1. Looking for whichever is of a type outside the set (Lys, Arg) and under 17 Å from Ser324 (Cα atoms) here; the options are Val251, Val277, Val263, Val233. Which one fits?
2. Of the residues in the stretch 155-166, how many are surrounded by 15 or more Cβ atoms within 10 Å (Cβ to Cβ) and part of a loop (DSSP other than H, G, I, E, B)?
3. When Met323 is evaluated against the numbered criteria (1) outside any strand (DSSP E or B); (2) over 23 Å from Met208 (Cβ atoms); (3) under 19 Å from the mean Cα position of the chain (by Cα), which criterion, by number, is the only one it fails?
4. Just to verify a result, which residue in the stretch 84-117, among those that are surrounded by 22 or more Cβ atoms within 10 Å (Cβ to Cβ) and β-branched (Val, Ile, Thr), is farthest from Leu214 (Cα to Cα)?
5. Can you say whether Thr95 is modelled with pLDDT of 95 or more and touching a Pro at 6+ places or on another chain (Cβ under 8 Å), as far as the supplied structure shows?
6. Between residues in the stretch 209-220 that are within 14 Å of Glu149 (Cα to Cα) and assigned to a helix (DSSP H, G or I) and residues that are hydrophobic (A, V, I, L, M, F, W, C) and open to solvent by 30 Å² or more (accessible area, probe 1.4 Å), which pairs lie under 6 Å by C-beta distance while being six or more apart or on different chains?
7. Take the residues of the stretch 326-350 that are assigned to a helix (DSSP H, G or I) and open to solvent by less than 10 Å² (accessible area, probe 1.4 Å): which is nearest to Ser282 (Cα to Cα)?
8. Please go through the stretch 251-299 and give me each residue that is in a helix (DSSP H, G or I) and not hydrophobic (A, V, I, L, M, F, W, C), ordered by number.
Amino acid sequence: MKKFILTLSAVFAAVIFSGCGHTPVRSVFPAALPPEIAAVKESAARAESFKKIIAPAEVRGIGLFPAAFAGEFSNEQIFNAVKVLGFNRIYCQLTSEMELDSRLVDFLTAANAADLPVELVFNQQDFYRRYRGNRLIRNFFIQYPDLAEVMEETVEFINDELPENVKVAGVTVILAPHLFNGSNFQRIQGHLYCWSEKRYGIGEDNDMLMRESLVLAEKISKIPGLPPLTIAVPDFFHDAASEGKLSCGKVEDFAKLSAKVAVVSSANLPSKIFDTVSDEFSAMPEGKKALAVIRLAGHTSLETGRLRRRNWQDFQRTMAYFMSKSAGVPAFGGIIVTPLAVIEYLRQEK
């Protein structure tokens, strides 16, 4: 189990939002176990307590990258770590179309047998059209597919490669136009628009990038045979659109195109998580559900956008507080907590 957690810590990332080339390496958490390990009985009790806290949520999701099931530990160990904490859905984030491979087939097949639904997750930033050279020499270079094309490849993968009885529970698309800014070396070369805090306003760069992202999402939503679609967005898109800084980007815009909307909380304090997503919950169309994405920091830094916590008790109180605030909210559809490596570190820490 220790070896499992060690490897897990190295390959799980804090989700959403690359490294080198078209298959970025994601590792934001030190590959280490706690200096002192809690007794097995104590860590088991912690898991049982946490399981009860999140039980009221319909969707209780946890995220991982394909590297997790390419390691030396088994699928069963991964599923046990997921189930013991009460999670009922895996969000598997692919960073390249090359990860639609035999390893993924094996993992999806094993997850299906373990009765664990899996959604495939794709980040807009990881799949962009980059042209190399002029028109005369482009054919000599690999032209990477854009996100919509990868979604079409995914449907083909599901239909052609998976056994007939194995299903993909859904696909989640992370819209991240705000990451295409001047400091991002992966930003499309020659692109007309660049996200900046100084470029808000109708018709300005941020607005145009948001419009492009919505057009992309609509195109994806119309792909024949696509599993149920979830669109994930940062919490500030809705606020900026509501304040008139953007012509689109409200949660309603994304809800029209998807089965669910996942709102990524930017809170780094326990008391702020619900506040960062409550407006989106309130604005969801009747009958639609929203998920809250809670990202954990790898340490107690002041890093914006990831929840800080000191120990297991602190983390558990945070989740209990959020669940109590969400109780009775009609649009609350569940949670996605990430990464599992941090949760396991805390659970096993003495």
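The values are calculated or read from the model by the stated rules, or taken from the named source; none is laboratory data. The structure presented is a predicted model; accordingly, all values stated were derived computationally and were not measured. FYI the Cβ positions are ideal-geometry reconstructions off the backbone, even for glycines, and counts take in every protein chain you see. Heavy atoms of the whole protein, side chains included, go into the accessibility calculation; ligands, DNA and RNA do not. Shrake-Rupley method; radii C 1.70, N 1.55, O 1.52, S 1.80 Å.
1. Answer to the selection: Val277.
2. Total meeting the criteria: 2.
3. Going through (1) outside any strand (DSSP E or B); (2) over 23 Å from Met208 (Cβ atoms); (3) under 19 Å from the mean Cα position of the chain (by Cα) one by one, Met323 breaks only (3).
4. Ile90
5. Values: modelled with pLDDT of 95 or more: no; touching a Pro at 6+ places or on another chain (Cβ under 8 Å): yes.
No.
6. Close Cβ pairs satisfying both conditions: Ala217/Leu257; Glu218/Leu257.
7. Checking each candidate, the answer is Ser326.
8. Passing the criteria: Glu252, Asp253, Pro270, Ser271, Lys272, Asp275, Thr276, Ser278, Asp279, Glu280, Ser282.
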